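A.B. asks: Mind looking over this structure? Questions follow.
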Amino acid sequence: KGHLLAATFVLASFGSAQAESLAPADQSAIQSIIQNQVDAFLTNNSATAFSYAAPSIKRMFQNDQQFMSMVQQQYQPVFRPQSFTFGRIADKGDGPVQEVYITGPAGKDWVAVYTLEKQPNGHWKIDGCYLQPDNGAKV
């Protein structure tokens, strides 16, 4: 429930005045990281998938196998998407948020909201992903 509430809040706040645009290079890098992680899920490459996770996520799951198991069990639409399309991206002040429209393995539509964190070396890492059913309503 907490994830859904967080996702609803994140989506609802997309249009807020505090959202700032990201540099095109950052947008491109963020979308590449998300796409690369999904590609790693599709090929069962847990080490590569885990490499795109932020340090807080890595600490939470401790290793790539535990991470992959959690994604497979709780994020099936992200783990095995039929289709995957990038939506809006915004900088929410505490980090970028990227919407992704997904059709899951059972044909159901979802919105995945990714939060990202810039690392000291300048690279982006995925700090979270929240899923909610896509009922077609625009937020």
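The values are calculated or read from the model by the stated rules, or taken from the named source; none is laboratory data. None of these values were measured; they are calculated from a predicted model. Cβ: placed from backbone, ideal geometry, glycine included. Neighbour counts: every protein chain shown. These accessible areas exclude ligands, DNA and RNA; they are computed on the full protein's heavy atoms, side chains included. Shrake-Rupley method; radii C 1.70, N 1.55, O 1.52, S 1.80 Å.
A.B. asks: Does region 93-107 include one or more residues that are touching a strand residue (DSSP E or B) at 6+ places or on another chain (Cβ under 6 Å), in a strand (DSSP E or B) and more than 13 Å from Cys129 (Cα to Cα)?
C.D. replies: Looking through region 93-107, at least one residue is touching a strand residue (DSSP E or B) at 6+ places or on another chain (Cβ under 6 Å), in a strand (DSSP E or B) and more than 13 Å from Cys129 (Cα to Cα).
A.B. asks: Still on this structure: Looking at region 120-129, can you tell me whether even one residue there is among the aliphatic types (A, V, I, L, M) and farther than 17 Å from Ala25 by Cα?
C.D. replies: no
A.B. asks: Looking at the structure I just gave you, is Gly87 under 16 Å from Gln27 (Cβ atoms) and either assigned to a loop (DSSP other than H, G, I, E, B) or modelled with pLDDT of 95 or more (or both)?
C.D. replies: yes
A.B. asks: Could you give every pair whose Cβ atoms fall below 7 Å, whose first residue belongs to region 118-131 and is modelled with pLDDT under 95 and assigned to a loop (DSSP other than H, G, I, E, B), and whose second residue is open to solvent by less than 100 Å² (accessible area, probe 1.4 Å) and basic (Lys, Arg), counting only separations of at least 6 or pairs across chains?
C.D. replies: So the pair list comes out empty.
A.B. asks: Just to be sure before I move on: is Gln66 surrounded by fewer than 14 Cβ atoms within 10 Å (Cβ to Cβ) and either within 22 Å of Phe86 (Cα to Cα) or of a type outside the set (Ser, Thr, Tyr) (or both) in the structure I sent?
C.D. replies: Taking the combined requirement at face value, the residue satisfies it.
A.B. asks: Residues in region 20-37 that are open to solvent by less than 60 Å² (accessible area, probe 1.4 Å) and more than 16 Å from Tyr114 (Cβ to Cβ): how many?
C.D. replies: 1
A.B. asks: Any chance region 38-59 includes a residue that's surrounded by fewer than 14 Cβ atoms within 10 Å (Cβ to Cβ), modelled with pLDDT under 95, hydroxyl-bearing (Ser, Thr, Tyr) and not in a helix (DSSP H, G or I)?
C.D. replies: no
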